[in-house]
Structure formats: structure tokens, C-alpha cells
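Read the structure below first, then the notes.
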Amino acid sequence: MNRNTLYFIILICFALNSFGQNSQAVEELKHLVTEQANDSTKVNTLLDIASQLYGSQPDSSIVYSGKAIDLAIEINFKKGLAYAHKNMGLGYYMKGEFSDVLIHWEKSLAIFEEINDESGISNLLSNIGAVWQTKGDDPKALDYFIRSAKIAEKIQDSTRLGTVYLNIGTVYSNEETTYDDAFESFNKSKDILINLGYDEGVGAVAINMAELYLKSGNPQAALPHLNDALEAYSRSGSNLSNTYNDMGWAYKDLKRYRLAKEYHLKAIEAADLNDAKLEKTKALISLGEVLIEQKAYAEAVDNLKRGLKITEVTGVYRDKKDAYEGLAKAYSGMKDYKNAYDYQQLFTSISDTIRNDSYDESIGNMRFQYDLKEMEEEIKLLNVDNELQQTQLERTTASKRLLYALAALLLAMVGGIFSRYRFIQKSNSRIAEERNKSESILLNILPKETAEELKEHGSIKAKYFKEITVLFTDFKQFSLVAEGIPAEHLVQSLDYFFKKFDIITEKHNLEKIKTIGDAYMCAGGLPTENKTHAENAFSAALEILEFVKDTQDNPPKGIYPFEVRIGINTGPVVAGVVGHKKFQYDIWGNTVNIAARMESNSVPGKINVAESTYQLLKNRHDFTYRGVIKAKNEQLLKMYYAEEKISEIA
């Protein structure tokens, strides 16, 4: 069961010394607040009390946050009001009541924006992102996290930056293909938070890294990180429920079921002490999984249903999914196949809700249909050209017949002939104009040599090219971004990037082949063969990287700043035109497949080059060998990263 129990950092108040509960300090603050006048100092004291209590007594934290809200409104203390709503949301977050969390955090964010408090804005963006991540909306969560990180970097807020790196890592942890990105984010966060002495943050990093090892099937490697989390959370006085639960997960995977059960029960107990609904849900579901392994199916069903019941309050889709999956397994073990089938159907349905992989394809189809619509208009113009030529031919024939039959009469009608002559001249001019338009359109669809062949022979023969270079690109996290922004904006962003890619492709004497979704494909060395195809493709790849990076640094309004992966391979292909009503120039062969593999195994901001291309360029450019991958035919493919930037070869 691929669970997502990742633990976020939610920053709560003004300074690091207010994290975690100190009972004596809380009592002193409670006494102090009774003696204070109704001013901003009293609001801050109420906030300090709320921030001390959120982890162990969330209900009490909510009460004091409410008092702070009332007083801040009374004295018109907007900054205090923003923090009061933030702390109120934090209390509800610890209780797992996320609808109330969003109400208060959206209010807090609006006030911070009104008073232009960039630190507060960054903090709330990160916190709201954590809620959407918990609820299973990764694209929306990542959008909030990235916005938070940009502001934190701008104002050089190390605390916020450390927490947002952690939260970004939790998003990357949901997909196996981005585990490396998750580890990178967690390590950045760890370095910052250790330097700050922020124990709760260090614990959160440790538990998330442990969960990555657990999801990767390495429970033994997870245990040291879980012990680090226990120590850090114990120092900060934080809730230990999540850590106990992951301890149980590790021991379950190690098949030490007795220990696993003990830790899950500890997790439930710790969650009950703090009325932590989210943590209790996960612990109950995890306990159900252990009981299934022990074949205690009836007891497993009881715990899984208890966990599922709490999700009616928390609304966390991923917990529902895990509960449905567990119940399907438990009922199957009991040979109650009707219930097993029903819960399996619920599991499948909610899995599609959390992440619908067909969305990627639908966006790709939208882009492809957009291209086809343009092509259909172009074909219409080609047909207009043919119709005009046929019309002119018929008119010319009719004119000849008329001249032969009425030669004498026409001599007397010079004026009429002259008028007719002017009409024909205009018609010829129109035909020429339409022909030029159609030829221009045809060149947008097909390479020049191929278009000439089509016009001359009415068809195009497939052609074998002994050596060309193929370049592939695609955008990192395109699926996540596609789910989080309107389709029109997504297509607008793709169009922005691909138009520039077209310019770069033409500049370096490459032929654009096609785009599919977020993938862009071009090639050098065809339709006219040349010896510079590898160098041309490499130069284009460097310029594409530079353009994408410039866009990330200064994104135009309405354009999403994607990161790009690039792969290049050299070898033989077959090229030709497919389709009758909608022409498309395309290339085929293993060279294309390997180029695509180079791109899919690259990383954002890098050019991944196959062995054949490397051999052509190694004496002129610097590369780093990065190992091999296995192709579908069991062939081992060597890969190299390009190390140069465009400015270095200009």
C-alpha cells in the first residue's frame, strides 16, 4: 500500500523560541495576560499562549486565538489579527478539521497582503499549500509552495525557506519518478533548519526522509531517521503520533508484526491525547494493514472502518483511498467477495480522483487538435488554389471557342475585349496571390524539398537517412501543473515556449518534426543531408535551456515557468509524409526511440546525450559520463550530460 503520511512544517508565530510547549512558560503567560491592558501587547501575549498550546492542547489554542481575534478587531491591530487567524487555523489543523483551517488561513493571507507583510504572505502560502497537499491536491499545493519560496528567497527569510523546501519535498515524495527531487529538497531544508536550531523542523525532515526509504522498500534505512525524528520531536514537545506510526510501518515491512502493532497503538494513543484526527486516521489504517498481515481480518476491518469514519471530518482523499484498499484486502481474506469488490471499486474511483493520468493525454490532444485545426485551414486554401486554376482553365477554353466562332464580331468589339483582358489579368493576379499563400502554408507543414516533390509528383516517397541527430524536449512536472491551472492558460504557455523553440530550431538549421502534449521533437541532417547535424542540435539545445531559464527568472504574465529536460541521439531514420487529408512529415526508427529515452532519463536543466552523439562532439565539448540504461531490446545505452552553457561556445 503506497501511503502518503508525509509530515509538513506549519510555521506558527513570531520567533523560533515559541515552538513547542513549556508548561511553566504557559502558566506565566496566562497570569501576565490577566494584568495587561487591552492593547497590541496583550494580543501578542494571547498569540504566544496559543502558539505554545497548539501541539498538545489544540482546543485551548483555538480559545486563546479567538480571544486574540476579538481584541485585535477591537483595537484595529491588523498584523495581530492576521497572526490570530493563522494560529486559529493551526489549532484546527492539528485537529484535522481542514475546512476551518482554510477559512482562517485565507483570512490571514488576505490581511498580510493588505498590509504588505511579505514574511507573513510567504508563511501563509506555505501553510495553505500544506493543507492542499494533505487533502491530495498536489498541483495546487506545489503552486502555493513555489510562490512561498520565491518570496522567502526575495526577503532572505531562512526560516520560511527551510520550511517551504521541506513542504516542496513532500509533493515530490508522492511520485517515484521524483524521489531524487524530494531528497534534494529535504536535504536543503535539513541544512537550514539545523543551523536555526529548529527541532520540530529537523524532526519533520527526518520523518519525511524515513518515509521515502519506506516507500522505496528499504525499512532498515528508515529506522535511523525515525530515531532522529523521535529525539527531535521529544526535545520540542511535539506530538509523536506520526513518528510512532512510521515506526510501525518500518517494522511491518521488516515482518516484525508484534513490534509494528505496538507502535501503531502508541500512535493512536498519542493522537487521542491531542485530539489529532489526521494522525489517528493514519494510525488506525496502518494498524489495519498489520492485522491483515496477521490474518486477523475482522479486527482489521474494525480499525479500517474507524479510520474511514474520521475521514468524513478531515476530508483527506489519500486516507480514504488507503482505507478502501485495506478493506478490499480484508474482506477478500474473509472470502466476503461482494464487500471486497465494492471497496475495490471505491478504491479505483478515488484513485482516479486524486490523480487522473488521462488529463495529460487530453491536454496533449487539445494542443494536437489546435495544430490540426490550423492544418485544416491550410488544406482548404490549397483546395481553393486548385479550384481557381480549374476555373481559369474553363474560362480560357470558353474564350477561345467564342473567338473562333465570332471573330468578325469581336473585331468590332475592341472595347469589350480590352475590358475582358483586364478582368483576366486581375484573375491571374488573384490566382498568383492565392498560389503564393498556399505554397507558404504548405512549407509550414512540410520541408521545402518535400513540398516541391509533392507539387511535382502528387505524392512523396519515404526516404532513408544514414545519419541525422534527433532532439527531444519535455517539461518537468507537466502533469502536476496541467491539473492545477486552466487549460487555456496551459495551452497559452505551451504556445509561448514552442514558438520560441521553432525560432531556435530554424536558426540552427534543424527541421521541426512535431509536438505531442508537452513534448517537442526536431532533427538535424534532413531533409537535406549535412555533416553539422549533431553540432546544430547541440547548439539549439543549449539555446533552448538558456531561454527556458530566462523565462523562469522573469516569467511573462500568464506564462507558467516550466523547467525543461532535453535528450539527443544520432543515427539512421526513415522519413516521409503520413496522412491524406492532413499531411504530417515524420521520422521513424530506433534512433528516435533512443532520443526519447535520453530525454525521459534526463533531469531539468540538463542535456542528456547518447553515445553516438557523444562520439561526434566529444572533441569539441565537455561531457560527464553518467551510466547506462537498458532499452526494451535489452540493449545497454550509455548516457552523457553536457557540461557547457551557451555563453561558453558562442
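Taking the range 76-101 on its own, how many of its residues are of a type in the set (S, T, N, Q) and more than 14 Å from Ser61 (Cα to Cα)? Residues meeting the conditions: 2. Before we move on, is Thr41 of a type in the set (S, T, N, Q), open to solvent by 50 Å² or more (accessible area, probe 1.4 Å), modelled with pLDDT of 70 or more and in a helix (DSSP H, G or I)? So Thr41 fits the description; yes. The residues of the range 491-536 that are part of a loop (DSSP other than H, G, I, E, B) and either open to solvent by less than 20 Å² (accessible area, probe 1.4 Å) or not basic (Lys, Arg) (or both), listed by number, are His508, Asn509, Gly517, Asp518, Gly525, Leu526, Pro527, Thr528, Glu529, Asn530, Thr532.
Scanning the range 150-162 for residues that are open to solvent by 10 Å² or more (accessible area, probe 1.4 Å) and in a helix (DSSP H, G or I) turns up Lys150, Ile151, Glu153, Lys154, Ile155, Ser158, Thr159, Arg160, Leu161. Only residues that are in a helix (DSSP H, G or I) and not charged (D, E, K, R): list them for the range 537-568, please. Within the range 537-568, Ala537, Phe538, Ser539, Ala540, Ala541, Leu542, Ile544, Leu545, Phe547, Val548, Thr551, Gln552 meet the criteria.
For Arg147, which of the numbered conditions (1) free of Cβ contacts under 8 Å to residues at least 60 places away in the same chain; (2) open to solvent by less than 40 Å² (accessible area, probe 1.4 Å); (3) of a type in the set (Lys, Arg) fails to hold? Of (1) free of Cβ contacts under 8 Å to residues at least 60 places away in the same chain; (2) open to solvent by less than 40 Å² (accessible area, probe 1.4 Å); (3) of a type in the set (Lys, Arg), only one is false for Arg147: (2). In the set (1) in a helix (DSSP H, G or I); (2) under 17 Å from the mean Cα position of the chain (by Cα), Gly136 fails one condition alone, (1). Count of the range 302-332 residues, restricted to those that are open to solvent by 10 Å² or more (accessible area, probe 1.4 Å) and either outside any helix (DSSP H, G or I) or among the β-branched types (Val, Ile, Thr) (or both), is 3.
Looking at the range 236-247, which of the residues that are touching a residue at least 40 places away in the same chain (Cβ under 8 Å) and either among the small types (Gly, Ala, Ser) or part of a helix (DSSP H, G or I) (or both) is most open to solvent (accessible area, probe 1.4 Å)?
Per the criteria, the residue is Gly237.
The criterion of being open to solvent by 20 Å² or more (accessible area, probe 1.4 Å) and closer than 21 Å to Arg318 by Cβ does not hold for Tyr165. Would it be correct to say that Ser61 is in contact with a Cys (Cβ under 6 Å, 6 or more places away or on another chain), open to solvent by less than 10 Å² (accessible area, probe 1.4 Å) and under 18 Å from Glu28 (Cβ atoms)? Spelling it out, it is not the case that Ser61 is in contact with a Cys (Cβ under 6 Å, 6 or more places away or on another chain), open to solvent by less than 10 Å² (accessible area, probe 1.4 Å) and under 18 Å from Glu28 (Cβ atoms). For the range 516-537, what are the residues that are at negative phi and either out of contact with any strand residue (DSSP E or B) (no Cβ under 7 Å at 6 or more places or on another chain) or small (Gly, Ala, Ser) (or both)? Passing the criteria: Ile516, Ala519, Ala523, Gly524, Thr528, Asn530, Lys531, Thr532, Ala534, Glu535, Ala537. Residue pairs whose Cβ atoms lie under 7 Å apart, sitting 6 or more positions apart in sequence or on different chains, and linking a residue in the range 248-271 that is touching a residue at least 40 places away in the same chain (Cβ under 8 Å) to a partner that is of a type in the set (Val, Ile, Thr) and in a helix (DSSP H, G or I), are Gly248/Val290; Lys252/Val290. In the range 185-200, the condition of being under 33 Å from the mean Cα position of the chain (by Cα), outside any helix (DSSP H, G or I) and either among the basic types (Lys, Arg) or crowded, with 17+ Cβ neighbours inside 10 Å (or both) is met by at least one residue. Whether a residue is surrounded by fewer than 22 Cβ atoms within 10 Å (Cβ to Cβ) and over 24 Å from Asp117 (Cβ atoms) was assessed, and Glu74 does not pass this test. Apart from one condition, Gln615 fits all of (1) over 21 Å from Asp474 (Cα atoms); (2) modelled with pLDDT under 90; (3) part of a helix (DSSP H, G or I); the exception is (2). Regarding the range 515-531, can at least one residue be identified that is more than 26 Å from the chain's Cα centre (by Cα) and among the charged types (D, E, K, R)? Checking the range 515-531: at least one residue is more than 26 Å from the chain's Cα centre (by Cα) and among the charged types (D, E, K, R). Kindly evaluate Tyr625 against the criterion of being in a strand (DSSP E or B), of a type in the set (Ser, Thr, Tyr) and open to solvent by 20 Å² or more (accessible area, probe 1.4 Å). In short, yes.
Taking (1) in contact (Cβ under 8 Å) with a residue 12 or more places away in the chain; (2) assigned to a helix (DSSP H, G or I); (3) under 26 Å from Thr311 (Cβ atoms) in turn, Gly55 satisfies each apart from (2).
The values are calculated or read from the model by the stated rules, or taken from the named source; none is laboratory data. What you are looking at is a predicted structure, and each value in this text was computed from that prediction instead of being measured. Please note: Cβ atoms are built from the backbone with ideal geometry, for glycine as well, and neighbour counts cover all protein chains shown. Protein only, heavy atoms only, side chains kept; ligands, DNA and RNA dropped before computing areas. Shrake-Rupley method; radii C 1.70, N 1.55, O 1.52, S 1.80 Å.
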